[in-house]
Amino acid sequence: MAYQLRGKTFDQFSVGDEFHTASRTITEADVATFAGLSGDYNPLHTDQVFMEKSAFGGRIAHGALILSVATGLANQLGIFEGTSIAVLEMVTRFTAAVKFGDTVRVLLTINDKKESKKPDRGVINVGVKVFNQTDQSVLEGNWMVMLARG
């Protein structure tokens, strides 16, 4: 039997639907790999001695890394698998720092749905909140995702 895609179509989402992801611990290796990939070697992320004297008391993860992890955790849910056509927009607010060893999880909420000019697709507005292990918000935003219709 062939693999069955798990994605939900535009019509299968309802305003108010919530989806909770698994959690993931952010490691020093994650930050070092992201610094290498992005070229962002800011001391905020790479210099422990410098950051020990900061308000954070140590190195912090890149905000863009946390956004990337959020997209990965969201996609592991399978709800966009095979039905997403495009991410049209991502609006992101970083609400707290993520330190090495913090564990993050994502809450997705369907805020709105809009028909498209093309009958085979629609656009959902997804509220995104990333929380750490103490349920403190570390990232909030909205994603506009174009999905196939069912």
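Taken together, the values in this text are just the output of simple stated rules run on the coordinates, not laboratory data. Quick caveat: nothing in here was measured; it's all calculated off a predicted structure. Methodologically, a virtual Cβ is constructed for each residue, glycine included, from the backbone with ideal geometry; neighbour enumeration extends over all protein chains shown.
Longest segment of the chain with no chymotrypsin sites (Phe, Trp or Tyr not before Pro) in a DSSP loop having at most 13 other Cβ atoms within 10 Å? So the longest stretch without any such site is 57-150. For the chain, the longest principal axis of the Cα atoms and the long axis of helix 28-38 meet at an angle of about 70 degrees.
Taking every pair of alpha-carbon atoms in the range 46-108, give the share separated by more than 17 Å as a whole percent. Above the 17 Å cut-off, the range 46-108 has 51 percent of its Cα pairs. Relative to the longest principal axis of the Cα atoms of the chain, helix 63-76 runs at roughly 40 degrees. Longest stretch of the chain clear of exposed loop sites (trypsin sites (Lys or Arg not before Pro), DSSP loop, at most 16 other Cβ atoms within 10 Å, sites excluded): 54-116.
Here the contact order of the chain, divided by its residue count and restricted to Cα pairs under 8 Å and six or more residues apart, works out to 31 percent.
Charges were assigned to the Cβ only: +1 to each Lys and Arg, -1 to each Asp and Glu. The resulting dipole of the range 10-148 about its Cα centre is roughly 160 debye.
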